[in-house]
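A short worksheet on the structure shown next.
Rule-based calculations on the coordinates, nothing more; no lab input. Just so it is clear, the model here is predicted, and its values are computed rather than measured. Every residue, glycine among them, receives a Cβ derived from its backbone with ideal geometry; neighbour counts consider all protein chains shown.
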Amino acid sequence: MTERVELAHNAAQRRVPSMVNNKPQIPYLGVGKYQPRGRKHAPPIRSSKDYPENGDKRVVDIETALRKCGLRDGMVISNHHHLRDGDQVALMMLEAAAKIGVKDLLWFPSASFPSQKPAIDLMEKGVIHHIEGSMNGPLGDYCTQGKMRGMGVLRSHGGRWQAIQDGEVHIDIAVVAAPTADMFGNADGSHGKSACGSLGFALADSTYADHVIVVTDNPVPFPCVPWQIQGNNVDYVVEVESIGDPARIVSGTTQITRSPDRLRIAEFVARFLREAGIMKNGFSFQAGAGGIALAFVDCLRRMMKEDGVKARFVRGGSTKYLVELLQEGLTDYILDGQTFDLDGVKSMAGDSRHAATSPFTSYNYHGKGNFASLVDAVVLGATEVDVNFNANVVTHSDGRLLHGIGGWQNCLFAGCSILALPSFRERIPVIVDEVTTLTGPGEMIDVVVTERGIAINPLRADLLGAVKGSRLPIRPIQDIKAEVEQICGGKPARPKLGDRPVAVVKWVDGTVLDTVWQTG
Amino acid sequence: MTASDPKTSRAAEAGQSGSDIRSDVHVSIEPRESGGLAVGLESRVAPYYGEAILTQTRHVLETLGVKNARVAIHDEGALPYVIAARIETAVRRAGLANSHKALPEPVEPPAPSGKDRLRRSRLYLPGTEPKYMINAGLHGPDAIILDLEDSVQHAEKDAARILVRNALRAVSFGTCERMVRINQLPLGLEDLAEIIPEAPDLVLIPKVEHPGQVTQVDRMISELKLRHQINRPVWLMPILESGQGIENAAPIAAAAESVVALTIGLEDYTADLGVAKTAEGRESLYARSRLVNAARAAGVQAIDSVYSDAGDREGLKRWGEASRALGFEGMGCIHPAQIPVIHAAFAPSPAEIDSAQKIVGAFEQAQQRGVAVVSLGSKMVDPAVVQRALKLVARAKAMGLA
């Protein structure tokens, strides 16, 4: 895309474009500063008279379903990413669209994965105009190298719900991969050969899209119970041989890190929660499925047992380790946004205390509250953090797209948000003067835990007070930074970024927080 | 100083690179007769430290007197002290080096180590594996041990020596005692020449069978200390690894003032006996007991071998507790996860500390009153018991338990 882009400084002093993909943008104004107005977006009103009375919405294939939905040039088509790198439905959908011969689609997945690399070819051919959704691996490189015609738009899980709900993104056709479904379109994720657990990421799409197609490889006679997707929102149902590769949908086993440095970080995090008094009866926490997070859960579980403490709920991404907490009675509930391993899938299918949640319940900022701010502590990763606790999670230090935002931004609203990071990777210091891409404002980040010590945001005098006198290595963040720079042989040079925006990072309220620049 | 002679020099390389290598660097060097230095760099960290690596490379080459050569650096995120060591190794292997060393920026060394300091745990670090070195001190062992012996292949002995020298100088190991295990003599003497100028706190001598081996090392260290003006102690810990070594435990322990501990190498010892090494260690009970006794007779510490199944914490705990009961004061670790288990196993129990503190209290009261006999309640306490209690309380204090 060669349009000239006007840039302005936002409240975080980052240069951001005022137009993205021909839509005017609101620059980030600060946490809680933007006041949305108006009414929620809505799909058109439909009538039962136009749908089969016997409830049988099946059509022969995805191409037919797309044609019946009126697919045409420039439409927005979406998928969820619960099947992760094993997903086959998104590519089936895109290839069917290519066969129909439409051009310039906006593909709007809740996240993309390396196995969806063929989408690059469809962008080259003009079938896809651009992608809005997290991109990494080959798709991330394609975007950061400036080859995509439109700008990438990176949103958190909550931000994606907000954008759909507020009408920033209008989905024409949502194609929902469903591990189990009936002919009416009721669909569930936790049963079937391609089971993935929760289908929460597809909920907004199924609620707000003009047209909804459910694609399943495990058709069951009506009713599909339980249902996470309501057939009343669904236009067509397609049966296929396979919606995904089970081996890459969930991992058989999730592994705790064996690195002594990372185990040390995990233990510091758990000890911090204990010493700060956060780990107490009825508390709640969230941790991801990375090696440090899993080791943290393992340490915390030991400490909870030692101290006789029980959590009211824990938030997934669920794994074997969270499931064990539930089974051992160390938590009353798992509130699960996505299910990472087989133990998680099995638990959600068989245990009513393991509840599926959606970005609406958990993360949507433009709602009447959400669960994320009810969580006492959250343990997150990041690629970089600066001395003011601003953090980057979306790009490498050199500006290449690395991760989606996921629920990361939304989780910062927890009572205590903790970044658990090695103080340097390879030779690259993690604590820097200024992050390459701002993803989370420092005022939202409370604690940075490294193997060399724990830095508490000076804004959190309460936390500093709570751990005073403990044996934890509490240090100023500048102090850890200086030590690491001494080890690494001085400050790293600043990577050279281009001056052409290739993607933007949205804040949870839809305002533009930062820009990803063309590299290489 | 010898100028490099292109006729005796040859292409050479050092270090490691590849997708599975972290924190190391591969350096290849090709001498040439003219044309100056041509340095090529490939590095994962090039956007951040590419310039720094090139500057350091030229600086090291200049220090070593290399004027004309092609040098290719393939870096996997190595820290500066590693880069310096690998380049120096390649230059020496190429026959290009003068007598200078390319020493990295030093860090503040820890306080000189005391003869009787805690030596519960010593974490082994292979001498050619830089990735384990930088954070080793964080895991809180009483000592780290940079190994030049069994963990280093013969062809890499020169590389390990230079890397260990640089690590002693440039890596902060916190409050850990910095130990080096040298090779068997005579190779070990070459190790000493390289490492003693960087003032390790303790040298482990492997396969010691006679007191003469200890005095030979001790003399060489004294000479090197004098020459390089090292004014802090370099202690010795002989490793007994054979029937002969165990038989001579007492004279070995007394061979030099600088011996602070005896330790045993069970793999070699059981091999020497031709018996299987078991998890219970009954086959080495005599040797270990004899070593403890000899150490006590010479007033030095008895330190146990390693527990080689890093995954078996329960087994390690049992071994450590049994070892303490025999009279050992510590043991080796092959993985940081073993450290807390070992520290717990070698710690006196709260009941032991409590009872020792009561005895010490009674002893102090008796001293204040000028009474020779220490009594607790109605019981008289034997002087030997008082001595043991004093020692136990002092150790518990050092461990942060009392």
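A few remarks follow.
- Sum of side-chain charges, B:Thr57 neighbourhood, beta-carbon under 13 Å (Lys, Arg +1; Asp, Glu -1): -2
- Trypsin sites (Lys or Arg not before Pro) within segment A:88-173: DSSP coil, no more than 10 neighbouring Cβ in 10 Å: A:Lys125
- Mean separation of Cα pairs under 8 Å and 6 or more residues apart, divided by the residue count, gives segment B:166-316 a relative contact order of 19 percent.
- Degrees between helix B:350-368 axis and first principal axis of chain B (Cα, 0 to 90, nearest 10): 70
- Interchain or long-range residues, amide H under 5 Å from A:Ile474's placed H: A:Ile454
- Estimated Rh, the protein assembly as shown: Kirkwood, alpha-carbon pairs, angstrom: 31.3
- Packing-based exposure ordering (other Cβ within 10 Å, fewest first) of A:Phe371, A:Phe272: A:Phe371, A:Phe272
- Relative contact order computed over segment B:11-53 (Cα-Cα under 8 Å; 6+ residues apart), in percent: 30
- Bridge type composition, chain A - antiparallel percent by DSSP, nearest 5: 30
- Integer Hz, Karplus 6.51/-1.76/1.60 couplings in order for segment A:89-96, x for Gly and Pro: 6, 4, 5, 4, 5, 5, 5, 4
- Sum of side-chain charges, A:Ile265 neighbourhood, beta-carbon under 12 Å (Lys, Arg +1; Asp, Glu -1): +1
- For a straight C-alpha distance cut-off of 13 angstrom, the aspartates and glutamates reachable from A:Lys49 (same-chain residues fewer than eight places away being disregarded) are A:Asp235.
- Label zone at A:Ser352 (point 7 Å along Cα-to-Cβ), backbone N below 20 Å, segment A:216-232: A:223-229
- Mean separation of Cα pairs under 8 Å and 6 or more residues apart, divided by the residue count, gives chain B a relative contact order of 12 percent.
- Note on segment A:129-163 and segment B:67-90: Cα centroid distance 40 Å, given to the nearest whole angstrom.
- Count of lysine pairs in chain B with Cα separation under 16 Å (8 or more residues apart, or interchain): 6
- Spatial separation of Cα centroids for segment B:171-208 and segment B:340-384, in angstrom: 38
- Proximal charge balance of B:Ala46 [Cβ under 13 Å; K/R count +1, D/E count -1]: -3
- Kirkwood radius, segment B:350-398, all distinct C-alpha pairs, inverse of mean reciprocal distance: 10.8 Å.
- Among A:Leu472, B:Leu390, the ranking by other beta carbons within 10 Å of each residue's beta carbon, starting with the fewest, stands as B:Leu390, A:Leu472.
- Cα-based reach from A:Lys117 at 26 Å (exclusive), listing lysines while leaving out same-chain residues under 8 positions away: A:Lys99, A:Lys103, A:Lys125, A:Lys147, A:Lys193, A:Lys506
- Principal axes of segment B:26-136: Cα extent on each, largest first, Å: 57, 33, 22
- Annotation for B:Gln153 and A:Ala42: the two label points, set 7 Å from Cα along the Cα-Cβ direction, are 7.3 nm apart.
- Hits among lysines - C-alpha to C-alpha of A:Lys491 under 16 Å, sequence gap 8 or more where chains match: A:Lys481
- In sequence order, segment A:70-76 has phi-based couplings of x, 4, 8, 3, x, 6, 9 Hz under the Karplus curve 6.51 cos²θ - 1.76 cosθ + 1.60, θ = phi - 60°, and Gly or Pro positions carry x.
- Once backbone amide H atoms are built at 1.01 Å from N, A:Asn390 has A:Gly442 as its partners under 5 Å, excluding neighbours fewer than 5 places away on the same chain.
- Our note on the geometry: Cα centres of segment A:482-520 and segment B:210-244, 53 Å apart.
- Entry note, chain B: the mean residue ellipticity at 222 nm calculated from DSSP H runs of n ≥ 4, each adding -39500 (n - 2.57), is -12500 deg cm²/dmol after division by the residues and rounding to the nearest 500.
- The H on the amide N of A:Val432, modeled in the peptide plane, is under 5 Å from the matching H of A:Val385, A:Asp386, A:Val387, each at least 5 residues off or on a different chain.
- Vicinal HN-Hα couplings computed from phi for segment A:292-308 (Karplus, 6.51 cos²θ - 1.76 cosθ + 1.60; Hz; Gly/Pro x): 5, 4, 5, 5, 4, 4, 5, 5, 5, 4, 4, 5, 4, 5, 4, 8, x
- Label-to-label distance, B:Thr278 versus B:Lys115, with points set 7 angstrom from Cα along the beta-carbon direction: 3.9 nm.
- Above 26 Å, the calculated P(r) of chain B contains 58 percent of its Cα-Cα pairs.
- Calculated from the alpha-carbon coordinates, segment B:149-209 shows an Rg and a Dmax of 11.3, 34 Å respectively.
- Once the Cα atoms are used to define both axes, helix B:46-63 deviates from the longest principal axis of chain B by about 90 degrees.
- Between helix A:477-488 and chain A there is an angle of about 90 degrees, using the helix long axis and the longest principal axis of the Cα atoms.
- By other beta-carbon atoms within 10 Å, ranking A:Lys23, B:Lys225, A:Lys49 with the fewest at the front produces A:Lys49, A:Lys23, B:Lys225.
- Extension gain for A:Gln35 to A:Lys468 (0.36 nm times residue separation, less C-alpha to C-alpha distance): 152.0 nm.
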